[in-house]
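Here is the structure we will look at, set down as structure tokens.
The values are calculated or read from the model by the stated rules, or taken from the named source; none is laboratory data. Only a predicted model underlies this, so the values are computations on that prediction, with no experimental measurement involved. Glycine also receives a Cβ, built like all others from the backbone with ideal geometry; neighbour counts cover every protein chain displayed. Just so you know, the surface numbers come from the protein's heavy atoms only, side chains and all, with ligands and any DNA or RNA stripped out. Shrake-Rupley method; radii C 1.70, N 1.55, O 1.52, S 1.80 Å.
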Amino acid sequence: MANQVIRCKAAVAWEAGKPLSIEEIEVAPPQAHEVRIKIIATAVCHTDAYTLSGADPEGCFPVILGHEGAGIVESVGEGVTKLKAGDTVIPLYIPQCGECKFCLNPKTNLCQKIRVTQGKGLMPDGTSRFTCKGKPILHFMGTSTFSEYTVVADISVAKIDPSAPLDKVCLLGCGISTGYGAAVNTAKVEPGSTCAVFGLGGVGLAVIMGCKVAGASRIIGIDINKDKFAKAKEFGATECINPQDFSKSIQEVLIEMTDGGVDFSFECIGNVKVMRSALEAAHKGWGVSVVVGVAASGEEISTRPFQLVTGRTWKGTAFGGWKSVESVPKLVSEYMSKKIKVDEFVTGNLSFDQINKAFDLMHSGNRSARTGGKRKMSLTWLCRYRVLGHQFNPSPDKKKLIKSKLIH
């Protein structure tokens, strides 16, 4: 099939604000420096929902969403030298060309080689590899993992350990890596330090994990949903607090609890007011606050300049600062050696034809839900922002299933 069009199933977003539609699509062969991948496992993320809602200023339709996936290389285009058919891979929404000034600078992971075309939903040559009902379908974040087959740039692929379970490590394509890297790369959490993590969703749990791995002695989880506290403590939080339990601002509470403020704070929600609270909870003179959550388009952050003049540092992170192609295989190895958690983020399953239900549950914030009967799988919600994982499993009758991993 290397030089042939592949017909397969995909969840197509025809327009903003409408449910995804399971369609048969055509996936063209990879062109020069492109790779066609059979997606084995993928995940639903709040970023997908944000674009589907129509609020994303870069959102274009019709499109195949999805950016947390894993699979097997089906074929490669001309000029691809580092990948071959049969390789086990994770597609990457932040590429690593190794040549641009961003890749050559150790201070950033924001490769810009294909940023312009990727932002338009196109391959680097300015065209799409997807068609449906005679119409071109756009790509999403350079990955489009809500399809049984996808085509990505060769600089947007990480080759990983073939023995890794793809229905687990697909989660390293975004949220877990983002939170974990925010702690160990962006903040550079130090042994014996005190940390505060605002928002105990999937990314927040990954930040807590990173703080623990880095040797923090005190990790304070903050969320208005107390149901999340037990899980946060499993990941390494030493204590958890609810801002609604206090008459003072949360930054005042944290300053009193920690004799002046925390060494490192992380905002994992995307709320600009909480971003300010996280900064102002950082210790005068050396405190570092990292913005991990993505705020809505047009939102602005603010604080008194004196907060920065007196020694606090305000930083942001994308994909946890990981240089993707070289780092994701190492993250998979850390998972395989049990240095970092991944399985613990997975709590339930849904069939592929229920993908819209996964989005509905993510938005509703239901604590739990269960479906019964043949080919139905249980769901358990841990947090408010993410729904993780879908796995395609060919059955004898050639129908496809998606396994949905949920970490609300």
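Before moving on, here are some points about what is shown:
- Sole residue being of a type outside the set (A, V, I, L, M) and closer than 27 Å to residue 162 by Cα, chosen from 19, 30: 30
- The residues of the range 44-90 that are polar (S, T, N, Q) and farther than 21 Å from residue 123 by Cβ, listed by number, are 53, 88.
- Matching residues in the range 87-127 - criterion: being closer than 30 Å to residue 24 by Cβ, in a loop (DSSP other than H, G, I, E, B) and open to solvent by 30 Å² or more (accessible area, probe 1.4 Å): 93, 120, 122, 124, 125, 126, 127
- Residue in the range 39-49 that is surrounded by fewer than 18 Cβ atoms within 10 Å (Cβ to Cβ) and at negative phi present: no
- Members of the range 286-335 that are closer than 13 Å to residue 276 by Cβ and in a loop (DSSP other than H, G, I, E, B): 293, 295, 299, 300, 301, 302, 303, 304, 312
- Close pairs (6 angstrom Cβ cut-off, 6 or more residues apart or separate chains): among the hydroxyl-bearing types (Ser, Thr, Tyr) in the range 194-212, at pLDDT 95 or above anywhere: 194/218; 194/258; 194/262; 194/263
- Residue satisfying all of: in the range 244-272; in a helix (DSSP H, G or I) and without any contact (Cβ under 8 Å) to a residue 24 or more places away in the chain; farthest from residue 302 (Cα to Cα) among these: 245
- Taken over the range 42-72, the criterion of being closer than 16 Å to residue 152 by Cα and touching a residue at least 40 places away in the same chain (Cβ under 8 Å) is satisfied by 42, 63, 64, 65, 66, 67, 68, 69, 70, 71.
- Taking the range 195-236 as the range and being under 20 Å from residue 288 (Cα atoms), open to solvent by less than 10 Å² (accessible area, probe 1.4 Å) and among the small types (Gly, Ala, Ser) as the test, the residues that pass are 196, 199, 204, 206, 210, 221.
- Inter-residue pairs, beta-carbon under 7 Å, first under 16 Å from residue 39 (Cα atoms) and in the range 1-26, second loosely packed, with under 15 Cβ neighbours inside 10 Å and of a type in the set (Asp, Glu), 6+ apart: 7/24; 9/24
- So residue 52, is it touching a helix residue (DSSP H, G or I) at 6+ places or on another chain (Cβ under 8 Å) and assigned to a helix (DSSP H, G or I): yes
- Close pairs (8 angstrom Cβ cut-off, 6 or more residues apart or separate chains): over 14 Å from residue 187 (Cβ atoms) and touching a residue at least 24 places away in the same chain (Cβ under 8 Å) in the range 275-289, among the aromatic types (Phe, Trp, Tyr) and open to solvent by less than 30 Å² (accessible area, probe 1.4 Å) anywhere: 277/198
- Search result, residues across the range 237-263 that are open to solvent by less than 30 Å² (accessible area, probe 1.4 Å), among the hydrophobic types (A, V, I, L, M, F, W, C) and more than 22 Å from the chain's Cα centre (by Cα): 240, 241, 250, 253, 254, 262
Per-residue answers, yes or no, for (1) in contact with a Gly (Cβ under 9 Å, 6 or more places away or on another chain); (2) under 14 Å from residue 157 (Cα atoms):
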site	(1), (2)
81	no, yes
89	yes, yes
101	no, no
105	no, no
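- Count of the range 328-355 residues which are without any contact (Cβ under 8 Å) to a residue 40 or more places away in the chain and either in contact with a strand residue (DSSP E or B) (Cβ under 9 Å, 6 or more places away or on another chain) or within 19 Å of residue 107 (Cα to Cα) (or both): 1
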